[in-house]
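J.: Can you keep this structure in mind? I'll have questions shortly.
The values are calculated or read from the model by the stated rules, or taken from the named source; none is laboratory data. Predicted model, so just to flag it, every value in this text is computed and none were measured. All Cβ positions, even for glycine, are placed from backbone atoms using ideal geometry, and neighbour counts span all protein chains on display. All accessible areas refer to the heavy atoms of the entire protein, side chains included, with ligands and DNA or RNA removed. Shrake-Rupley method; radii C 1.70, N 1.55, O 1.52, S 1.80 Å.
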Amino acid sequence: MTRRTAPIAAAALAALLLAAGAHAKTLRTADQGDAVSMDPHSLNETTQLGFTGNVYEPLVMRDASLKLAPALATSWKQLSPTVWRFELRRGVRFHDGTPFTADDVVFTFQRAADPGSDMRGVVGQVKEVRKVDEHAVEVVTTAPVPILPDSLTSFYMMSKAWCETNGATRPVDKRKGVENAASVRANGTGPFRLRSREPGVRTVLVRNPQYWGKIEGNVTEVVWTPIGNDATRVAALKSGEIHLMQPVPVQDVDRLKQDPNVKVMQGPELRTIFLGMDSKRDELLYSNVKGKNPFKDRRVRQAVYQAIDIEAIRTRIMRGAATPTNLMIAPGVNGFNAELNRRPPHDPEAARRLLAEAGYPGGFEVRMNCPNDRYVNDGEICQAVAGMLARVGVKVNLEAETKNTYFPKILSRNTSFYLLGWTPTTYDAHNTLFNIMATPEGGRGVFNLGSWSNPRFDALTAQIGVETDPAKRKAMIDEAMKIHADEFGHVPLHQQALAWAARKNVATVQRADNMIMYRYATVD
Amino acid sequence: MSTSALARFLDGDVFHSFRGSPVAIGAALVAGVMILGAVLAPWISPHDPFDLKSLDLNNSLLPPAWTEQGQRAFPLGSDDQGRDVLSTILYGSRISLLVGLASVAFAMALGVGLGLLSGYVGGRLDAFIMRVADVQLSFPAILIALLINGVARAVLPSDANIDAMALAVLIGSIGLANWVQYARTVRGSTMVEKNKEYVQAARVIGVGPATIMVRHVLPNVLGPVLVIGTINVATAIITEATLSFLGVGVPPTSPSLGTMINNGNNFLYSGEWWLVVFPGAALILLCMSVNLLGDWLRDALNPRLQ
């Protein structure tokens, strides 16, 4: 470069940078927790699947209004009750440039079936995936699965070549300490690419210029930071350090609404919060009752239910940001029936009487396990429940702790009484019946941590899974839900409301599954 | 020959110095009132915040009594579970004081014992104990307390009473995290004392090493230990508050000052200022008064300043 051309080159460069600056739109966003890894098969949880869903894509996705939409599959049809054919999108490339083909789909299904995968529940019903040609696959299921496409919307496709080159052919498994390249790197087909990953600190995404579809928003870069402390997260938003955050602590909603620079986005969430009781063991692990298990008695479970003043929890703890429920599923989930959603009344007198009838006139003591950083005001809900149960004579020893120690404990069923929340990822009742309520056996009832069990309920669950006639299916779902409610298998509490907050200049789509898809975000 | 530390403490000089120091008198008054309040909590506090039966969610988040929506039954307001803040502070400072005093007593016993042994026996034992102390000193106390806390919770039988276990674990972990200071101080003084004539005289007439350490050396090295102990009570209370603030302290149903501040922190932006201001002020007053007393005691016991 000569001396005379240098200034011109510098000017050109400056102009280029300015132009780029005009287009660069960075969205800084915060969540209360981090994803455990960047591997889309390592944890079946909303935060994990929501974030990685910006980088990776499923065959069939949910659009802004949660309807099924073609993603990596352009169309699908059921060839026979157990065989589905998916036509794959042509011309799609992974972020590293390799084309997306049927081999990748076959590989991804195999990877997710690995014992270390947390997506086994999703692919457990799949017997075989056949490559028809480069751009079509057939999925064969063990039994008829009428809602197979619905169940694949959080199941993300990975590149076979990339996984093989990088030693990531098996999923990251945090429980066993298995880590690999997929923990901190990613190679998806989605609208955003992973630029950098610092676990627990920040994760940066950049817009994928080669994306096959249209990216609705204008964001070119996303900086995602976990901020666990409620007050700190709110402060970061108010000061403009971040553009978007969730969840908004319920106590701060009113104040934030008054801030002229901030808007609060609220909506219903599909997650149902409930209590579970060990109703299987002959003696509770953590109770002063020896030789028998009070929770085995339906009357005791009913007493727990009727001792809880759900209205007080709604108004005082949740400040109105919750919908009390009697069903284990939310309105909006297929199978919800408003008629069955009426709760038996809050009645401490009845609860005391039931306890006396069951042989516990003086109540009893039991330990309760509770997370304090997973759901909205979870620790506070448990404290309130402990107080309400104390008034009918049940002394609750509350153990509230962070989710990192809580989940390993209760998932190994080392509990007598616990709080949990569940969103059916298929938006269908069967997902909740099968995972949360049915008797644990094999892949079924994996999250039924108190092992409540009813043979008729289990039979119905199996039939609902394969029934294709919507009317018959609905009748069976109603019957199953009614059995569970009459038996007080769990104590449903409420659906918490979604609360996100953003700076005024940021707009995005708020989906009821609480997944933030940055493709919809615009920054002005 | 110096008189014994205990006798010196009770000596007229010390009381004279106390009377001459308004700061010490003020600090003693504040600490006295707070300790009395904590001890007498079951009798003087308007509610029993640890009795879950008495809590009513409909009384939650009431502002202090002198504001418009305040109620006289809740002089300093109530928290999100309907607990009276004043009663919770009184009961909470019981836990804070208990953990503070007991963990200092534990650390002191451990540190003084190891320090005496290390200084008096010397040699390899001394080297070993002091290297352990060096290693421990290179970590912040709160980190060690967190570590011990985590290990203890994983190891201890899980069917034990949660409240009692949480307290024991807190006391143990804060105590174990703080013994080094005492051991170092006592070791130094012991090495000086053990070569003095009275110790040699005792040895010559056939007194056993254990008796010499406890009867002769210990009283003469105890002065500085008392000063460190007093100041460390405040530190231990803050460590407990920090652990509870981080959520690894006492159960949320029997809150200490730290738990209360942690909880109040969530309401910083929503306007319920009384949830963090009052417990915070109580913690500051308690720690500051104990610290000032320790400070005064250090000066009063220092012969060079007299």
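J.: In terms of Cα to Cα distance under 22 Å, which lysines are near enough to A:LYS280, apart from those fewer than 8 places away along the same chain?
T.: Within reach: A:LYS290, A:LYS292, A:LYS296, A:LYS395, A:LYS409, A:LYS482.
J.: Another question, then. Ignoring everything except DSSP H segments at least 4 long, calculate the 222 nm mean residue ellipticity for the protein assembly as shown; use -39,500 (n - 2.57) per segment, divide by total residues, nearest 500. Don't skip to the end; give the middle numbers.
T.: Values: 29 runs with 353 residues, N = 830.
My calculation for the protein assembly as shown gives -13500 deg cm²/dmol from helical runs alone.
J.: According to a simple spin-label model (label point 7 Å from Cα along Cα-to-Cβ), what is the distance in nm between B:ALA164 and A:THR522?
T.: Going from the A:THR522 label point to the B:ALA164 one covers 6.5 nm.
J.: Here's another thing I want to ask about it. What FRET efficiency comes out for the pair B:PHE139/B:TRP66, r = Cβ-Cβ distance, R0 = 35 Å, nearest 0.05?
T.: Details: r = 46 Å, r/R0 = 1.31.
E between B:PHE139 and B:TRP66, to the nearest 0.05, is 0.15.
J.: Could you calculate the FRET efficiency of B:ILE205 with A:GLU179 from 1/(1 + (r/R0)^6), where r is the beta carbon distance between them and R0 is 41 Å, rounded to 0.05?
T.: 0.05
J.: While we're here: Over the range A:371-514, what per residue volume does the convex hull of the Cα atoms give, in whole Å³? Provide the component values of the computation, followed by the final result.
T.: Details: hull volume 22.1 nm³, N = 144.
Roughly 153 Å³ of hull volume per residue.
J.: To the nearest 0.05, what FRET efficiency results for A:LYS67 and A:GLN266 with a Förster distance of 30 Å applied to their C-beta separation? Don't skip to the answer; put the middle values down first.
T.: Numbers: r = 22 Å, r/R0 = 0.72.
It comes out at approximately 0.90.
J.: May I ask which of A:LYS176/A:LYS214; A:LYS131/A:LYS214; A:LYS67/A:LYS127; A:LYS403/B:LYS53 have a Cα-Cα span longer than 30 Å here? Can you show the working numbers first?
T.: Values: A:LYS176/A:LYS214 39 Å; A:LYS131/A:LYS214 28 Å; A:LYS67/A:LYS127 26 Å; A:LYS403/B:LYS53 28 Å.
Over 30 Å Cα-Cα: A:LYS176/A:LYS214.
J.: Quick one: what Rg and Dmax do you get for the range A:259-336 from the alpha carbons, in Å?
T.: For the range A:259-336, the Cα radius of gyration and maximum Cα-Cα distance read 17.8, 61 Å.
J.: Now a separate question. If you take every DSSP beta bridge fully contained in the protein assembly as shown, what fraction is antiparallel? Give it as a percent rounded to 5.
T.: On the way: 60 of 78 bridges.
Bridges in the protein assembly as shown are about 75 percent antiparallel.
J.: Further question on the same structure: Report the label-to-label distance for B:VAL132 and A:SER239 in nanometres (one decimal), using points 7 Å from each Cα along the Cα→Cβ vector.
T.: If labels sit at B:VAL132 and A:SER239, their model points lie 4.4 nm apart.
J.: Further question: Give me the distance in nm between label points sitting 7 Å out from Cα along the Cα-to-Cβ direction at B:ALA154 and A:VAL83, one decimal.
T.: 5.2
J.: Which value, in square angstrom to the nearest 100, describes the accessible area buried between chains A and B on both sides, using a 1.4 angstrom probe?
T.: Working: alone 21650 and 15710 Å², together 34920 Å².
Using a 1.4 Å probe on protein heavy atoms, the buried area is about 2400 Å².
J.: Percent of accessible area on the protein assembly as shown owned by carbon and sulfur, 1.4 Å probe? Write down the numbers at each step before the final one.
T.: Working: 20550 of 34920 Å².
Here it works out to 59 percent.
J.: Name all residues of the range A:72-92 having a backbone nitrogen under 20 Å from the label point set 7 Å from the Cα of A:LYS472 along its Cα→Cβ direction, giving them as ranges.
T.: Flagged as within label range: A:78-84.
J.: Average the reciprocal distances over every distinct pair of alpha-carbons in chain B, invert the result, and give the Kirkwood radius in Å. Walk me through the numbers before you get to the answer.
T.: On the way: mean 1/r = 0.0468 Å⁻¹.
Over chain B, the inverse of the mean reciprocal pair distance is 21.4 Å.
J.: I would also like to ask the following. How long is the range A:322-380 along each principal axis, judged by its Cα atoms, biggest number first, in Å?
T.: 41, 33, 15
J.: For the range B:115-137, list residues with backbone N below 17 Å from a point placed 7 Å from the Cα of B:LEU147 toward its Cβ?
T.: B:129-137
J.: Which residues, if any, in the range A:217-254 have at least 30 Å² less accessible area in the whole protein complex than in the isolated chain, probe 1.4 Å?
T.: The answer is A:ASN229, A:ALA231, A:GLN251, A:ASP252.
J.: Now a separate question. What do the square roots of 5 times the Cα gyration tensor eigenvalues come to for the protein assembly as shown, in whole Å, largest first, as semi-axes of the equivalent ellipsoid? List each step's numbers first, then the result.
T.: Values: eigenvalues 615, 250, 151 Å².
Each semi-axis is the square root of five times an eigenvalue, giving 55, 35, 27 Å.
J.: Still on this structure: Mind telling me which of B:LEU257, B:LEU285, B:LEU116 comes out most flexible in a GNM of chain B, alpha-carbon contacts under 10 Å?
T.: Its mean-square fluctuation being the largest, the pick is B:LEU285.
J.: Kirkwood Rh, Cα Rg: Rg to Rh for the range B:100-214? If you can, show how the numbers build up before the last one.
T.: Numbers: Rg = 17.2 Å, Rh = 15.6 Å.
Taking Rh as the inverse mean 1/r over Cα pairs, Rg/Rh reads 1.10.
J.: Pull out a ≥ b ≥ c, the square roots of the eigenvalues of the alpha-carbon gyration tensor of the range A:325-447, then state rounded if a/c is under 1.5, prolate if not and a/b is larger than b/c, and oblate in the remaining case. Before the final figure, lay out each step's value.
T.: Details: a/c = 1.76, a/b = 1.27, b/c = 1.38.
Taking the square roots of the gyration eigenvalues as a ≥ b ≥ c, the range A:325-447 is oblate.
J.: With a cut-off of 14 Å, note down the residues of the range A:81-100 whose backbone N falls inside the zone around a label point 7 Å from the Cα of A:GLN210 toward its beta carbon.
T.: In the range A:81-100, the label zone of A:GLN210 (backbone N under 14 Å from the point 7 Å along Cα→Cβ) covers A:91-100.
J.: With every protein chain kept in place and ligands, DNA and RNA left out, what is the accessible area per residue of the range B:107-263? Probe 1.4 Å, answer in Å². Spell out each step's value before the answer.
T.: Numbers: 6890 Å² over 157 residues.
Here the per-residue accessible area is 44 Å².
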